Amino acid sequence: MEGKILKAVCDAIDNGIEVAVVTVLEVKGSSPGKEGSMMAVFSDEKIIGTVGGGALEYKLIEESLKAIKENKSYETNFELTESGTLHMKCGGFVRAYIKVFSKREKILIMGGGHLGLEIYNLSKYLNKYVVIFDDRHEFANKERFPEADEIILGDMENKVKDYEIDKNSYVVIVTRGHENDKQCLKAILNKTEFPKYVGMVGSKGKVTSTYKELLNEGYSKEKLKKIYSPIGLDISNPEPKEIALGIMAEILSVKNEKNPKHMRDVKNIDIENI
């Protein structure tokens, strides 16, 4: 059964379905579950396996769906007594762990030029799902991006309009020109579901000009404030590899909800008092 559960979990992740695996870690006294028993709970509410059935299993399914929604793994325990949260008469104790397996973050790279290539390399190194958009065959092919999960050739604005974007999507706009960048950004701004991150390359002057044009076209300041542009953290020189590293660092800071700081300062290492 464990092998079947693990295979189903792997298949679900590959197909973009989030899943939580419940493992019973400890049992004391009388309980419907046994140590080591496993159950997979999928975001579409499909269940494989069991941890004993009854009120305990129902509660763990409920907790697993909540964990998937919050993308949070954690340990939980239950007193199986009338005074416990489940109001059971078994008299036992159960400790379980709920491990959430989320979909891989999806990096949409709008533009397959030099900078797009370096962002692709870093994205694959970090095991992200990478989608390349470009309207030039020489910049959108398997020879240039051999490990890309998707390569979409054609008018980038129109292609991304029809592309499904969700909370696990990160969009990097690095096309070959100002007007292409603007049109791709407009397509993203018009999406019903806004991605976790949208960054657009450009100088301060270019970005300011683009924003003025978009404001005149009716886009709100509130929406434009969600855009990271000029893109990336201020840590690099003008080389594409370093710029890409600054972009990926910014994406990770957004993903992990971190404010970029030196770890030296985060840990508050005080040389004077050592």
Q) Got at least one residue in segment 185-207 being of a type outside the set (Gly, Ala, Ser), in contact with a Gly (Cβ under 7 Å, 6 or more places away or on another chain) and closer than 30 Å to ASN127 by Cβ? A) no
Q: Of the conditions (1) in contact with a helix residue (DSSP H, G or I) (Cβ under 8 Å, 6 or more places away or on another chain); (2) closer than 18 Å to ILE119 by Cα, GLY177 clears all except one; give me its number.
A: (1)
Q: Restrict the check to segment 98-112 and report whether at least one residue is without any contact (Cβ under 8 Å) to a residue 12 or more places away in the chain and either out of contact with any Lys or Arg (no Cβ under 9 Å at 6 or more places or on another chain) or at positive phi (or both).
A: no
**Q.** Breaking point among (1) touching a Phe, Trp or Tyr at 6+ places or on another chain (Cβ under 9 Å); (2) modelled with pLDDT under 95, for ASP162
**A.** (1)
Q: List every residue pair whose Cβ atoms lie under 9 Å apart, where the two residues are 6 or more positions apart in sequence or sit on different chains, the first residue falls within segment 1-20 and is over 13 Å from ARG104 (Cα atoms), and the second residue, located anywhere, is of a type in the set (Phe, Trp, Tyr).
A: ALA8/PHE42; VAL9/PHE42; VAL9/PHE101; ALA20/PHE42; ALA20/PHE101
(Q) I'd like to check something: does segment 238-250 contain any residue that is open to solvent by 90 Å² or more (accessible area, probe 1.4 Å), at pLDDT 90 or above and not in a helix (DSSP H, G or I)? (A) yes
Q | Residue check for THR175: within 27 Å of the chain's Cα centre (by Cα), modelled with pLDDT of 95 or more and not charged (D, E, K, R) | A | yes
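Rundown of residues vs (1) assigned to a helix (DSSP H, G or I); (2) at pLDDT below 95; (3) hydrophobic (A, V, I, L, M, F, W, C); (4) touching a strand residue (DSSP E or B) at 6+ places or on another chain (Cβ under 9 Å), yes/no style:
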residue	(1), (2), (3), (4)
LEU25	no, yes, yes, yes
SER31	no, yes, no, yes
GLU45	no, yes, no, no
VAL51	no, yes, yes, yes
LEU56	yes, yes, yes, yes
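The values are calculated or read from the model by the stated rules, or taken from the named source; none is laboratory data. Please read all numbers here as calculations on a predicted model, not as lab measurements. All Cβ positions, even for glycine, are placed from backbone atoms using ideal geometry, and neighbour counts span all protein chains on display. Ligands, DNA and RNA are excluded from the accessible area calculation, which covers all protein heavy atoms including side chains. Shrake-Rupley method; radii C 1.70, N 1.55, O 1.52, S 1.80 Å.
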